[in-house]
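K.L.:
Structure below; questions to follow.
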Amino acid sequence: MRTGELFDLLRDGRPWTRAQLAEVTGLARSTVTTRIDTLIRLGLVAPYGGARSTGGRPPALFALNPSAKLVVGVDIGATHARAALTDLDGKILGEADAQIEVAAGPEQVLGWVVDTVRDLVAASNRQITDLAAIGIGLPGPVEHSTGRPINPPIMPGWDRYDVPGHLRAVYPVPVLVDNDVNIMALGERRAHLRDVDDLVLIKVATGIGAGIVSGGVLQRGARGTAGDLGHVRVRRADDVLCRCGNTGCLEAVAAGPALAAAVREQGEDAKTGGDVVDLVRGGSLVAMAVVRQAGRDIGEVVASMTNLINPSVVVIGGQLAGAGEHLLAGIRESVYQRSLPLATEHLRIVTSRAGGEAAVLGASALAIEHVLSPDVVEAACEALAAADAAAEAARS
Ligand SMILES: [Zn+2]
């Protein structure tokens with residue numbers, strides 16, 4: 001077992017003794033001691049303060065040191081941007097936001113990110129050398145391996161733009177980029193569903209998409225398009241044209257613009273999904289019925305998804321989640337009708353609790369997962385050992 005994997009055990013938030021670590025890993029106590037010393041020198045592990053005496057000498061306890069490094073999580077939306085500075089446990093140390101159009105292009109938007117990272121670190125009285133990684137969510141398809149947006153429909157000028165390269169020219173740290181729905185799923189899980197390994201977050205806004213966590217791992221699929229629920233076919237949309245050029249897409253009947261149109265047809269005034277949510281909250285029976293039907297349509301797809309991947313929690317996020325129970329009731333109706341009883345027995349369908357913070361928390365989680373991954377920690381240990389060897393050679 002490598003030091004990176006030993007460290008992985010210490011990430012559970014509980015304090016460990018050397019003896020416990022030796023027992024679980026099968027490593028000799030002396031080996032554990034050497035490796036813990038290395039992790040302490042890297043700052044990733046610290047002696048744990050809560051040790052209680054058991055009669056003799058209190059056992060030395062160790063745990064992850066969340067304040068060792070900083071990461072910044074960034075959420076770029078269509079018309080807004082938000083950033084959060086966090087420690088390695090995802091605790092928010094500072095936040096910033098701005099009204100900025102993603103359509104203004106990468107130079108302007110990433111210029112804001114560069115300035116904001118510097119300002120947030122300075123305001124926290126830490127050094128920029130404490131910054132370990134940056135995570136970013138973008139409102140379009142992203143090739144995760146390169147961090148480049150691919151043909152993003154609402155992001156002119158961003159197609160295949162080297163987002164990590166732009167930021168690394170200023171901050172020489174890893175930059176992880178993903179689409180907004182995937183990071184919302186990670187953020188909701190980190191903030192409120194840490195013990196849930198199988199969950200789906202569905203964002204219902206101008207479009208509809210899903211972030212899928214299965215077996216504790218975010219599922220991006222072969223080319224990063226997993227979870228594109230908006231263009232799955234539903235019966236009620238058979239004759240409805242979608243913005244993608246096909247007919248029959250879920251988005252064409254159940255996303256914000258479709259709901260606003262349906263409400264207008266029945267004489268109410270609504271331009272956006274947000275207006276529909278306001279009408280629901282104001283008690284409009286027309287808007288309530290429209291939202292409930294959208295819930296049934298979304299539920300038709302969620303039912304298939306439940307049968308395919310058997311999540312234990314389905315979280316509804318995005319603007320339309322503001323319609324609350326009216327949307328959930330429609331979704332539940334379809335899911336319980338169409339999914340297998342065993343799959344729905346313990347299935348929870350809920351609205352997002354992280355809400356507007358889900359995306360920045362998720363972007364931070366993406367960065368933290370990278371920084372604390374066994375491979376990256378192992379590489380840091382090896383670099384430290386090489387530096388020690390070089391110093392030793394220089395002395396002799
Ligand atoms: Zn479509």
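What follows is calculated from the coordinates using simple rules that are stated; it is not laboratory data. None of the values given here were measured: they were computed from a predicted structure. Virtual Cβ from ideal backbone geometry, glycine too; neighbours counted across all protein chains shown.
K.L.:
Express in nm, to one decimal, how much length is gained between D375 and R348 on full extension, taking 0.36 nm for each residue of separation and deducting their alpha carbon distance.
P.N.:
Gain in length upon complete extension: 6.3 nm.
K.L.:
Which of rounded, prolate or oblate describes the range 136-202 when judged by the alpha-carbon gyration tensor and an a/c cut-off of 1.5?
P.N.:
Because a/c hits 1.5 or more and a/b fails to exceed b/c, the range 136-202 counts as oblate.
K.L.:
How many angstrom separate the Cα center of the range 124-171 from the Cα center of the range 295-322?
P.N.:
Taking the Cα centre of each part, the range 124-171 and the range 295-322 sit 29 Å apart.
K.L.:
Helix-only estimate, please: 222 nm mean residue ellipticity of the chain, summing -39500 (n - 2.57) across DSSP H runs of length 4 or more and dividing by its residues, to the nearest 500.
P.N.:
When only DSSP H runs of four or more count, the value is -13000 deg cm²/dmol.
K.L.:
May I pose another question? Given the options V170, V377, V142, which has the most mean-square fluctuation in a GNM of the chain, springs set between C-alpha atoms less than 10 angstrom apart?
P.N.:
Taking springs between Cα atoms under 10 Å, the residue moving most is V170.
K.L.:
Report Rg (one decimal) and Dmax (nearest whole number) for the range 344-396, counting Cα atoms only, units Å.
P.N.:
Using the Cα atoms of the range 344-396, the pair Rg, Dmax is 21.2, 69 Å.
K.L.:
To make sure I understand the rule: partners must be aspartates and glutamates, Cα under 15 Å from the Cα of K69, and not fewer than 8 residues away in the same chain. Which ones qualify?
P.N.:
D87, D89, D130, E369
K.L.:
Right, next: What area, in nm² and to one decimal, does the C-alpha convex hull of the chain cast on average over all directions?
P.N.:
Numbers: hull surface 97.0 nm².
If you wrap the Cα atoms of the chain in a convex hull and average its projections, you get 24.3 nm².
K.L.:
Mean 1/r over all different Cα pairs, inverted: what Kirkwood radius does the range 9-129 give, in Å?
P.N.:
In the range 9-129 this quantity evaluates to 17.1 Å.
K.L.:
Which angle between 0 and 90 degrees, to the nearest 10, do you get for helix 106-123 versus the longest principal axis of the chain when only C-alpha atoms count?
P.N.:
Roughly 50 degrees, rounded to the nearest 10.
K.L.:
Next up: Can you tell me which aspartates and glutamates have their Cα less than 13 Å from the Cα of K91? Leave out same-chain residues fewer than eight positions away.
P.N.:
K91 reaches E357.
K.L.:
How far is helix 358-371 tilted, in degrees, relative to the longest principal axis of the Cα atoms in the chain, given as a value from 0 to 90 rounded to the nearest 10?
P.N.:
The two axes meet at around 30 degrees.
K.L.:
Let me ask you something else. Provide the FRET efficiency to the nearest 0.05 for the A393-S145 pair, computing r from the beta carbons and using R0 = 41 Å. Before the final figure, lay out each step's value.
P.N.:
On the way: r = 37 Å, r/R0 = 0.91.
Calculated transfer efficiency: 0.65.
K.L.:
For R168 and A261, what is the calculated FRET efficiency with R₀ set at 41 Å and r taken between the beta-carbons, to the nearest 0.05? Each step should come with its number before you reach the end.
P.N.:
Details: r = 43 Å, r/R0 = 1.06.
In this case the efficiency is close to 0.40.
K.L.:
Let me ask something else. If contacts are Cα pairs under 8 angstrom and at least 6 residues apart, what is the relative contact order of the chain in percent?
P.N.:
Working: 786 pairs, mean separation 67.2, N = 396.
With pairs under 8 Å counted, the relative contact order is 17 percent.
K.L.:
Mind listing which GluC sites (Glu not before Pro) in the range 282-355 are in a DSSP loop and have 13 or fewer other Cβ atoms within 10 Å? Please list the in-between numbers first.
P.N.:
Working: sites: E300, E325, E333, E345; in loops: E345.
Taking the range 282-355 and a limit of 13 other Cβ atoms within 10 Å, the loop GluC sites (Glu not before Pro) found are E345.
K.L.:
Let a ≥ b ≥ c be the square roots of the eigenvalues of the Cα gyration tensor of the range 127-247; is it rounded (a/c under 1.5), or, if not, prolate (a/b larger than b/c) or oblate?
P.N.:
oblate
K.L.:
On C-alpha positions alone, give me the angle between the axis of helix 256-265 and the longest principal axis of the chain, in degrees, nearest 10.
P.N.:
Taking the Cα atoms of the chain, the angle to 256-265 is about 20 degrees.
K.L.:
Please list, or write none, the aspartates and glutamates whose alpha carbon is within less than 13 Å of the alpha carbon of K203, excluding same-chain residues fewer than 8 places away.
P.N.:
D180, E188, D228, E251
K.L.:
Which of N307, G273, A321 sits closest to the plus end of the dipole of the range 181-333, meaning its Cα is farthest towards the positive end, when Lys and Arg get +1 and Asp and Glu get -1 on the C-beta?
P.N.:
Positive-most Cα among the choices belongs to N307.
K.L.:
Test of understanding: in a Gaussian network model of the chain with alpha carbons linked when under 10 Å, which of A46, A260, A169 would top the mean-square fluctuation ranking?
P.N.:
Evaluated over the chain, the most mobile residue of the options is A169.
K.L.:
Please work out how much length the chain gains when fully extended from T33 to R2, using 0.36 nm per residue of separation minus the C-alpha to C-alpha distance, in nm with one decimal.
P.N.:
Roughly 9.8 nm would be gained on extension.
K.L.:
How many percent of DSSP beta bridges within the chain run antiparallel, rounded to 5?
P.N.:
In the chain, approximately 60 percent of DSSP beta bridges are antiparallel ones.
K.L.:
Next up: When the chain is modelled as a GNM with alpha-carbon springs shorter than 10 Å, which of A78, A380, A123 fluctuates the most?
P.N.:
Most flexible of the set in this elastic network: A123.
K.L.:
I'd like the GluC sites (Glu not before Pro) in the range 214-278 restricted to DSSP loop residues with at most 15 other Cβ atoms within 10 Å, sorted by number.
P.N.:
Taking the range 214-278 and a limit of 15 other Cβ atoms within 10 Å, no loop GluC sites (Glu not before Pro) are found.
K.L.:
Which residues make up the longest stretch of the chain clear of trypsin sites (Lys or Arg not before Pro) that lie in a DSSP loop with no more than 14 other Cβ atoms within 10 Å, not counting the sites?
P.N.:
My reading of the result: 272-352 is the longest stretch.
K.L.:
Could you work out the relative contact order of the range 223-368? I mean the mean sequence separation of Cα pairs under 8 Å and 6+ apart, divided by the number of residues, in percent.
P.N.:
Worked out over the range 223-368, it gives 18 percent.
K.L.:
Determine the relative contact order of the range 73-165: mean sequence separation of Cα pairs under 8 Å and six or more apart, normalised by residue count, in whole percent.
P.N.:
26 percent
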